[in-house]
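Working notes, beginning with the structure itself.
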Amino acid sequence: MDVYDSFIECYNANREKIATKTRKGAILDLHHFEIKGDLSLVSVYVGDIFKETTTRPIKLNLAFGYVIKTLADEKFKYYHPSNNNPFLLNTKLIQTTEDESDLVSMLAPDNILEFVYSSALESSWVVHAIVSCGVRVYKMTS
């Protein structure tokens, strides 16, 4: 089996975990988006969240899911979006459209790539592809 086939096998085995879905709650909404490496989609999806979340203020943070591979034998596994590796150091408070714009500007593909590739993984694993994004939206009470 070549590298491409191994990657596809891993992706397909984790398709349910990677797929786009939303779970809404009274206090916390969890959004998960399949991005298939198209990092420009992240700001689009976050913009959609702002449009559908009408209450303010909210707090928000993101994490990315990627397929990683070993350096030695090119085996793949899915690394899911996790609170253990958030994109923002602190959850971002969103109260105004200016706050929304500030966050969207932080989500430039180059910033995401820099974050993901500087994230600490076990030394024998490297990021092969960024395939998903998880967004946690905390609804605040005024």
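Taken together, the values in this text are just the output of simple stated rules run on the coordinates, not laboratory data. None of the values given here were measured: they were computed from a predicted structure. We place every Cβ from the backbone using ideal geometry, glycine too, and count neighbours over all the protein chains shown.
GNM, the chain, Cα, under 10 Å: largest mean-square fluctuation among L30, L62, L107?
Result: L30 has the largest fluctuation of those listed.
Measuring from label point to label point, each 7 Å out along Cα→Cβ, what is the M106 to K139 span in nm?
Using points 7 Å along Cα→Cβ, the separation is 2.3 nm.
Stokes-Einstein diffusion coefficient for the chain at 25 °C in a medium of 0.890 mPa s, Rh from the Kirkwood formula over Cα pairs: what value in µm²/s?
Numbers: Rh = 15.9 Å.
Taking Rh from Cα pairs, D becomes 155 µm²/s.
Let me see the pair-distance distribution of the stretch 1-81: every alpha carbon pair, 5 Å bin width, integer percents in order.
Going from the shortest bin to the longest, the percentages are 3, 12, 22, 20, 15, 11, 8, 5, 3, 1, 0.
Order by neighbour count: C10, C133, fewest other Cβ atoms within 10 Å first, most last. All intermediate terms of the calculation are to be shown ahead of the outcome.
Numbers: C10 19, C133 24.
Exposure proxy ranking, most exposed first: C10, C133.
Expressed as a whole number of Å, what is the distance separating the alpha-carbon centroids of the stretch 57-95 and the stretch 2-37?
12 Å
If you rank M140, M106 by fewest surrounding Cβ atoms within 10 Å, what's the result?
M140, M106
With each label point set 7 Å from Cα along the Cα-Cβ vector, what nm distance links K75 and T20?
My value for the distance between the label points is 3.3 nm.
Could you list, in their original order, any pairs among K36/K59; K92/K139; K21/K69; K21/K77; K17/K59; K36/K77 whose Cα atoms are separated by more than 18 Å? List each step's numbers first, then the result.
Working: K36/K59 26 Å; K92/K139 12 Å; K21/K69 25 Å; K21/K77 21 Å; K17/K59 24 Å; K36/K77 15 Å.
Table pairs above 18 Å Cα-Cα are K36/K59; K21/K69; K21/K77; K17/K59.
Which one, H80, H31, L107, is farthest towards the positive end of the dipole of the chain when Lys and Arg carry +1 and Asp and Glu -1 on their Cβ?
Comparing the listed Cα positions along the dipole, H31 ranks first.
What is the Rg over Rh value, at two decimals, for the stretch 21-65, using alpha-carbon atoms and the Kirkwood definition of Rh? Could the numbers behind the result be given before it?
Working: Rg = 11.0 Å, Rh = 11.6 Å.
In the stretch 21-65, Rg relative to Rh is 0.95.
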